[in-house]
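The structure that follows is given in the form of structure tokens.
Derivation of every value follows stated rules applied to the coordinates shown; laboratory data play no part. All values reported here derive from a predicted model rather than from experimental measurement. Every residue, glycine as well, gets a Cβ built from its backbone with ideal geometry; the counts of neighbours run over all protein chains shown.
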């Protein structure tokens, strides 16, 4: 889709600014009125994604806890819960604090509380929302958490962070069991179960290859859960799955909860991994775009956009694409600009035109913006705050 | 430098939080107290960089207008001006608005005002700070600016954005002269001169190669300035130069103003281009770091940090490095984490250790943070707001 505007916006800026500040935009604001670069989400696409994943998890008898690191938005977390999710994940304690302020009552923080201030903040948050789940990979860290919980006169719900991939966590099998045995001795910790996030498996290209990688990663987690229960240590909960593996983990006995996040928006990185139906992963709609303006037109075969590295994640080896216009090839052109090489239909693009970019990687793109414009066709339905933008502590 | 902390922070979080909120940190807060990832700037290094560039520009008889897209911080812009800078550059109108709110009275916006809202905002800003300079590359856009200025009963100061690189601007020579002749016919525009930013030259590796690339780019700009004046069109001002070319443009007759930004912080990307004295560009201090914590220690030869793609720019083909600890090799490990491969001395790193990363690319890193901690050794001297963080419209 392409929007001609230049001087043709519907409303003067003073009025747009007032509407944006008030949030009263429904029926009043068009995307042609928006300053660019602007982060946009298609309401129909987002809603379909929320509902499809919720229905899927329900059909498989698994709990759904969408990862808030993708959206960082209280409104989206609440909509997921309204559709059936049990709560939210947060990557960091500062993100969890924001979700709690936004009314989310059940939060799993998916990285460990290392450092005095993290432990203190976690205890404070647990006093506010008792259904806070923390992850642990280290015995001393568990002891520190227990001591802090003791001082605050509460019990912290914890899970083993199991290392089933290339990143964090305690090793499966004996090390995990030893850590669990340590935790159950600590009176102010309550062991809920296991978190096992197979990050490396989530982007394996090809569904069959992804199944293989994911099974190899996750079966030791399921096995560890069984071993714990065989030792009389209750382990009712095992949280895993990403957008790439939601429909693989959902068929593994012993995984009780799915924690995908990117499915809400999708991105080129997930599109390319392939799905059950072919080489393009299209189980969920690409609801997220960055609206951008052609800010310079140096010649017939190129256009310069106002969206560069500060407007869209640039960590992937492939760039954003322009939605709906053949003959356009985007490349980053520094922090403030993007460059479009134009051919065929793309040659019609002019100075002032407004285009939508489908971005390469959703999570770090969303984290660049303070707000997201919720669109339905040309209309702006709402403006939502990215409440936890920048909350990486 | 390396900081052991874990549970050893000096102060409880409630106190740290209170100090950070009040800004009253001098003599009270250590970097061990800071939540991580934290953006830090060494005060001595920053101050030396501010003063060195100001003294250099003065010695060469050039005006200095540091680019605010690098720091986005009112306090830093004010310190540059106190040291002798004539004002600030801003990449976008929303960034300029913030600098004006921060008391900066002379601002050059280095990208053109394309789109109705940009023109309206620019006119509004010019009413607030008369020493606002806008750039133009298109005749219709100039006419639109003139019409808006007419309606607001003011005159806008504009400069030709000259395309001396791979991005924006009108071509040198005849097209630029035609645009200038159009502008001087417009009663509500005042032509100040030329902006010529040779972005491609700024990162050419090797000082001699950089001189050659920069001369090839900038000599047509100087020539265009002379041609305008030969036609009786006054062109007293020519703004150029980056951190990579400040000491090249400074010796080109006809360039009146330097607009570098990254020199305030430096980054690995600039270090690697080489300087007058050798293969490492070290004219300015690497004042910027990201403080990070070892949040997971899966085995003896690796450590997982709490700083990933959301904590540091990842657009360059080389990763951040750990300051002062040999035997550490950082790689991004997703949005929330970094991975350190450890050898030799690096093997001593433990869970909870706090390390400083020297980052690959300063501008988009700074843009990820709401605040920057100003440090002197272990002490936190101040906390400055990144006022224009996210202002990319």
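Among B:361, A:26, B:71, what is the fewest-to-most ranking by other Cβ atoms within 10 Å?
Listing B:361, A:26, B:71 from fewest to most nearby Cβ atoms yields A:26, B:361, B:71.
Could you sort B:113-124, B:74-85 so that the peptide with the highest average Cβ count within 10 Å comes first and the rest follow in order?
Ranked by mean Cβ neighbours within 10 Å, highest first: B:113-124, B:74-85.
Sequence gap at least 6, Cα distance under 8 Å: using those rules, report the relative contact order of segment A:44-267 to the nearest whole percent.
That works out to 19 percent.
What is the distance in Å between the Cα centroid of segment B:224-264 and that of segment B:317-338?
38 Å
Let me ask something else about it. From the helices alone, meaning DSSP H stretches of at least four residues, give me the mean residue ellipticity at 222 nm for chain A, per-run term -39500 (n - 2.57), in deg cm²/dmol to the nearest 500.
-9000 deg cm²/dmol
Further, regarding this structure: As an exercise, use a Förster radius of 60 Å and the Cβ-Cβ distance of residue A:184 and residue A:28 to find the FRET efficiency, rounded to the nearest 0.05.
FRET efficiency, residue A:184 to residue A:28: 0.55.
Shifting gears a bit: When you count, for each residue, the other Cβ atoms within 10 Å and take the mean per peptide, how do B:58-65, A:35-42, B:212-219, B:147-154 rank with the highest first?
A:35-42, B:212-219, B:58-65, B:147-154
With springs only between Cα atoms under 10 Å apart, run a GNM on chain A and tell me which of A:365, A:289, A:279 wobbles the most.
Taking springs between Cα atoms under 10 Å, the residue moving most is A:279.
If you count, for every residue in B:106-118, the Cβ atoms of partner chains within 10 Å of its Cβ, what is the mean?
6
Determine the shape class of the protein assembly as shown: with a ≥ b ≥ c the square roots of the Cα gyration tensor eigenvalues, call it rounded for a/c under 1.5, and otherwise prolate if a/b is greater than b/c, oblate otherwise.
In terms of gyration-tensor shape, prolate.
Turning to a different aspect of this structure: Measuring from the lowest to the highest alpha carbon on each principal axis, how far does segment B:4-161 reach, largest first, in angstroms?
Its Cα atoms span 63, 39, 21 Å along the three principal axes.
Run through the DSSP bridge list for the protein assembly as shown and note the antiparallel percent, rounded to the nearest 5.
Looking only at bridges with both residues in the protein assembly as shown, the antiparallel portion is about 55 percent.
Let me make sure I get this right: for segment B:338-385, a, b and c are the square roots of the gyration tensor eigenvalues over alpha carbons, sorted descending. Under 1.5 in a/c it's rounded, otherwise prolate if a/b > b/c, else oblate. Which is it?
Oblate.
Relative contact order for chain A: what is it in percent, counting Cα pairs under 8 Å that are at least 6 residues apart?
Normalised by residue count, the contact order of chain A is 22 percent.
Considering segment A:120-206, what Rg and Dmax in Å follow from its alpha-carbon atoms?
Considering segment A:120-206 through its Cα atoms, Rg and Dmax are 14.1, 50 Å.
In percent, what relative contact order does segment B:147-232 have, based on Cα pairs under 8 Å that are 6 or more apart in sequence?
Computed value for segment B:147-232: 32 percent relative contact order.
Taking every pair of alpha-carbon atoms in segment B:199-288, what share in percent sits in each 10 Å bin, from 0 to the bin with the longest distance?
Bins of 10 Å from zero give 17, 46, 25, 10, 2 percent of pairs.
Taking the Cα atoms only, what angle lies between the long axis of helix B:116-128 and the longest principal axis of chain B, rounded to 10 degrees?
Roughly 90 degrees, rounded to the nearest 10.
Let me ask something additional. In the Gaussian network model of chain B, springs joining C-alpha atoms below 10 Å, which of B:185, B:259, B:195 carries the largest mean-square fluctuation?
B:185
Quick check: the distance between the Cα centres of segment A:70-138 and segment A:345-361, to the nearest angstrom?
Cα centroid of segment A:70-138 versus Cα centroid of segment A:345-361: 38 Å apart.
How tilted is helix A:43-59 with respect to the longest principal axis of chain A? Cα atoms for both, answer in degrees (0 to 90, nearest 10).
30 degrees
Using all Cα-Cα distances in segment B:156-216, what percent lands in each 10 angstrom bin from 0 up to the longest?
22, 41, 24, 11, 1
Right, something else. Across 5 Å bins from the origin, how do the percents of Cα pairs in segment B:284-393 run, short distances first?
2, 12, 22, 23, 19, 14, 6, 2, 1, 0
Ok, one more. Looking only at B:131, B:24, B:363, which one moves most when chain B is put into a Gaussian network model with springs between Cα atoms under 10 Å?
B:24
Peptide A:307-315: average number of partner chain Cβ atoms within 10 Å per residue?
Shielding by partners across A:307-315 averages 6.
Would you mind classifying segment B:44-267 by shape? Square roots of the alpha carbon gyration tensor eigenvalues, ordered a ≥ b ≥ c; an a/c under 1.5 is rounded, otherwise it is prolate if a/b is larger than b/c and oblate if not.
Judged from the Cα gyration tensor, segment B:44-267 comes out oblate (a/c at least 1.5, b/c at or above a/b).
Per-residue Cβ counts within 10 Å, from other chains only, averaged over A:166-175: what number is that?
Average per residue, whole number: 4.
If you fit an axis through the alpha-carbon atoms of helix A:139-151 and take the longest principal axis of the Cα set of chain A, what angle between them do you get, 0 to 90°, nearest 10?
Taking Cα atoms only, the helix is inclined about 90 degrees.
In addition: What is the antiparallel percent of DSSP beta bridges lying wholly in chain B, to the nearest 5?
Roughly 55 percent of the DSSP beta bridges within chain B come out antiparallel.
Now for a different question. Length gain on complete extension for the stretch residue B:272 to residue B:300, per 0.36 nm per residue less the alpha carbon to alpha carbon distance?
In short, 7.0 nm is gained.
Report the Cα-based extents of chain A along its three principal axes, largest first, to the nearest Å.
Computed over chain A, the largest-to-smallest principal extents equal 70, 45, 37 Å.
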